[in-house]
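Have a look at the structure below before the remarks.
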Amino acid sequence: NTGSVQQSQTGNYVLSGTAEHPLVIDGTVAIDGDVLINGYVKGTGTILASGNIYVPTDLLYADGPSTFGIAADGTKNALGLAAGGSIMIG
């Protein structure tokens, strides 16, 4: 069910994906704290933070060649971010 929280975590998190090892997002994750996220993301889902979300550098979908929103293996890529505090993008 994509409308429900499928996982929750407490604490502050740094999430960083690379082209070879992207962050895999699947559903909704609630984090009771702050989140810093950057790099490559693959999958569909939402990150909810009770605090702030920081995007200090590029945040990119792990898309296949010449496709937007779809990975090379056919996975759809879409990420939502919501925060109880601020979302700061640098």
For Thr18, placing the label point 7 angstrom along Cα-to-beta-carbon and taking the stretch 29-53, residues whose amide nitrogen sits under 18 Å are 37-42
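May I ask you to work out the translational diffusion coefficient for the stretch 42-90 at 20 °C, viscosity 1.002 mPa s, via Stokes-Einstein with Rh from the Kirkwood sum over Cα pairs, reported in whole µm²/s?
Result for D is 180 µm²/s.
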For Thr44 paired with Thr67, estimate the spin-label separation in nm (one decimal), with each label point 7 Å from Cα along the Cα-to-Cβ line.
1.3
Solvent-accessible area of Asp26 with every protein chain in place, 1.4 Å probe, in Å² to the nearest 10:
130
Mean accessible surface per residue for the chain, computed with a 1.4 Å probe while every protein chain stays in place, in Å²:
58
For the chain, the dipole about the Cα centre with charges only on Cβ (Lys and Arg +1, Asp and Glu -1), to the nearest 20 debye, works out at 120
Quick one: with all protein chains in place, what share of the accessible area of the chain is carbon or sulfur, to the nearest percent (1.4 Å probe)?
54
Cα coordinate range in the chain, projected on the principal axes (Å, largest first):
36, 32, 18
Segments 47-56, 11-20 sorted - mean Cβ within 10 Å per residue, highest first
47-56, 11-20
For every other residue with a beta carbon closer than 12 angstrom to the beta carbon of Gly17, add +1 if it is Lys or Arg and -1 if Asp or Glu, then tell me the sum.
-1
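The values are calculated or read from the model by the stated rules, or taken from the named source; none is laboratory data. Predicted model, so just to flag it, every value in this text is computed and none were measured. Here Cβ is always computed from backbone atoms with ideal geometry, including for glycine, and neighbour counts include all displayed protein chains. The protein model used for the area step is the full one, side chains on, heavy atoms only, and it has no ligands, DNA or RNA in it. Shrake-Rupley method; radii C 1.70, N 1.55, O 1.52, S 1.80 Å.
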